[in-house]
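See structure below.
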Amino acid sequence: MTGSAQNPEGPARAFRVLVVCTANQCRSPMAEYLLRDALRAAGIPADATADLADGRPAAGWSVGSAGTRTRGGRPMDPAASTVLAERGIDGSGFVGRALTPQLIRDADLVLAATREHRGAIASLLPAALSRLFTIQQFGYLAAAAQPGTVTDPVDAGFDLLARARAARSQVPGRTVEDDLADPVGRPVEDFRRCAGELDDAIRGMLRTVPPR
């Protein structure tokens, strides 16, 4: 658990989520923007991680992303940006970044596109294992968890993480269903399919979070 929960009077109190894929151009940017959009639709304040770095006040979730095999600095894949635009989401300002141990350390919840990414993240920072899941894994664990009762948006994030951890030992594990297929270089329909799978995971993720 990072300082965001320990310092409620700070200017950037937030539940921080980091989404990770390979190049930080397709899956993780789409997940970042779709999750932020879903949070706002649910009445939960959601900012980009960069906003918090600039000192912007927050009392909700911050959502960012990174890639395991990238130097960063690149825009979102045009097909990913197109799929977001179809949903009324503007991804034009996105700039990719490389995954670092510090980014993992700063996150309260780390969501990987695949089991391979999850392993790479754990190798960089083994201490993150208790807050590290694949995106789809966290979605079905959160959906299976007991309903939450915490309404403060930041505390609700930590409560959701705790409930998903508890469900981890009770819900049967899955294999290939935990991996989000990489649409890079494929037709835009594959990006739409990826976004649909992310929608399902995000719905599961927020299913037991009390509405605001």
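The values are calculated or read from the model by the stated rules, or taken from the named source; none is laboratory data. This structure is a prediction, so every number in the text was calculated from the model and none was measured. Cβ: placed from backbone, ideal geometry, glycine included. Neighbour counts: every protein chain shown.
For the reader, a short list of remarks on this structure follows.
- Condition met for Thr114 (modelled with pLDDT of 95 or more, closer than 19 Å to Gly196 by Cα, in contact with a Leu (Cβ under 7 Å, 6 or more places away or on another chain) and not acidic (Asp, Glu)): yes
- Filter result for Ile104 (touching a Phe, Trp or Tyr at 6+ places or on another chain (Cβ under 9 Å) and in contact (Cβ under 8 Å) with a residue 12 or more places away in the chain): no
- Here Thr149 meets each of (1) of a type outside the set (A, V, I, L, M, F, W, C); (2) closer than 25 Å to Met30 by Cα; (3) assigned to a loop (DSSP other than H, G, I, E, B) with one exception, condition (2).
- Residue tally, condition part of a helix (DSSP H, G or I) and at pLDDT below 80, over the range 154-181: 2
- Of all residues making up the range 143-187, the number that are surrounded by fewer than 20 Cβ atoms within 10 Å (Cβ to Cβ), over 23 Å from His117 (Cα atoms) and among the small types (Gly, Ala, Ser): 2
- Here the range 69-80 is the region considered, the condition is being surrounded by fewer than 21 Cβ atoms within 10 Å (Cβ to Cβ) and in contact (Cβ under 8 Å) with a residue 12 or more places away in the chain, and the residue that is nearest to Thr114 (Cα to Cα) is Arg69.
- Members of the range 125-146 found to be in contact with a strand residue (DSSP E or B) (Cβ under 8 Å, 6 or more places away or on another chain) and part of a helix (DSSP H, G or I), listed by number: Ala128, Arg131, Ile135, Phe138, Leu141
- Test: Ala122 is in a helix (DSSP H, G or I), more than 19 Å from Ala38 (Cα to Cα) and not charged (D, E, K, R): yes
- Picking from residues in the range 109-133 that are of a type in the set (Val, Ile, Thr) and crowded, with 24+ Cβ neighbours inside 10 Å, the one that is farthest from the chain's Cα centre (by Cα) is Ile121.
- Evaluation of Asp47 against the conditions (1) of a type in the set (D, E, K, R); (2) modelled with pLDDT of 95 or more; (3) in a strand (DSSP E or B) shows that the sole unmet condition is (2).
- The residues in the range 81-105 that are in a loop (DSSP other than H, G, I, E, B) and either buried (at least 17 other Cβ atoms within 10 Å of the Cβ) or among the hydrophobic types (A, V, I, L, M, F, W, C) (or both) can be counted, and the count is 7.
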